[in-house]
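Working notes, structure below.
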Amino acid sequence: MIRFIIYRLLGAIVVIWIVSVVTFLIFQAVPLLSHTNPVYFYTGKVPFKPGSPQLKALTHRFGFDLPLYAQYWHYLSGILFGQTITDGVSVPIKCPAPCFGYSFRQNELVGTLIAQAVPVSLSLIVGSAILWLVGGVSVGTISGLRPGSAIDRIGMTGSLAAVSLPIFFTGPVLLLIFEYTLGWLPDVSYAPITQNPVQWLRSMILPWVSLAFLFAALYARLTRSNMLETMSEDYIRTARAKGLDRRTVVIKHGLRAALTPIVTIFGIDVGTLVGTTVITENVFNLRGLGFLTISSIQQQDLPIILGVTIVAAVALVVANFVVDILYAVVDPRVTV
């Protein structure tokens, strides 16, 4: 088990390094393709004329006149050890590790902006993930145990309807019903759970339901399919022949085997949602990583876009690493 974890951890570190290299090269290609000095993308302004000695000095200060490998090491060392940043005009800014750069458009460290947005995104992702996992697996399990029944037809019909409804439709509908029509959840702004738990909960209920609606339908259909296949296996018939009660057969033998592919998809879905919940955050006015990403793209704020991309990539790699560990818990055969 320990060797399995070490191998997966080393693999995750290598993947994160490769992702950082590829991401850095992609974003370095943006100024080259637009034939624009990278200083303009990083400072957000045109402080000096093209070709001026001041611009050349600033290009050298940012390290954009160095080879790509040296520029990458400068960026990576900033993340690992921190650095001092300046646009050549204002006072130099100390950026502690992990330093993802400085947004001169918003006059704030990229790491600070990400740290402010992460709790919002995590609140949205964790809450909705619990809802769609519990709801989807429960509906799928019941439908899989009773195929063709009224419960199965209702559950699968509801799942088909949920899959067909995008978030930008369900979100406004939920707001229309529960906020504007019934008035059960009046318009409240997001508050951290550590400051006002009640307001935090009220502000997150509708976003949770809206985001979980689609995923719960997918998980219900997948769980049903896995349960139908698992419950027809020979070892299930053997467990029943031994006289085990139905609860033990379903939960310990059937559901555990059916959850193996669910674990994979769940980890990927949760990791992918970090920085990509743009629609949900915009519909419910949540200032998370998705909102930060779309606003930075509109402003062409390259340091923020690069920082959020790195954080989202690391989150996906970490999620897959956790999935590999959970595999060993759900299915002991992976440790052999």
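Taken together, the values in this text are just the output of simple stated rules run on the coordinates, not laboratory data. For clarity, every value in this text was computed on a predicted model and none was experimentally measured. Heads up, the Cβs are rebuilt from the backbone with ideal geometry, glycines too, and the neighbour counts pull from every protein chain shown.
Some observations on this one:
- Global geometry of the range 82-165, whether rounded, prolate or oblate, following the gyration tensor of its Cα atoms and the 1.5 cut on a/c: prolate
- Spacing of the two label points (7 Å from each Cα toward its C-beta) at Gln54 and Leu122, in nm: 4.3 nm
- With at most 14 neighbouring Cβ atoms within 10 Å, loop trypsin sites (Lys or Arg not before Pro) (DSSP) excluded, longest segment of the chain: 46-241
- Whole-Å semi-axes of the range 197-275's equivalent ellipsoid (Cα gyration tensor): 34, 15, 10
- Here's how it looks for Glu108: its modeled amide H is under 5 Å from those of Ser103, which are all 5 or more places away or on a different chain.
- Hull volume in cubic angstrom per residue (convex hull over the Cα atoms of the chain): 181 Å³
- Difference of contour (0.36 nm per residue) and Cα-Cα distance, Gln298 to Phe178: 40.0 nm
- Those residues of the range 293-323 whose amide nitrogen sits under 19 Å from the label point placed on Arg3, 7 Å along Cα→Cβ: none
- Peptides 301-307, 13-19, ordered by how many other C-beta atoms sit within 10 Å of their residues on average, highest first, read 301-307, 13-19.
- Distant-in-sequence amide H partners of Ile93 (H built 1.01 Å from N, under 5 Å): Ile85, Thr86
- Cβ-based charge dipole, the chain, positive-most Cα from His60, Val198, Gly144: Gly144
- Distant-in-sequence amide contacts of Gly275, defined by a placed amide H-H separation under 5 Å and a gap of 5 or more residues or a different chain, comprise Leu289, Gly290.
- Computed [θ] at 222 nm, helices only, for the chain once each DSSP H run of length n ≥ 4 contributes -39500 (n - 2.57): -23000 deg cm²/dmol
- Taking all pairs of distinct alpha-carbon atoms in the range 58-204, Kirkwood radius in angstrom: 20.2 Å
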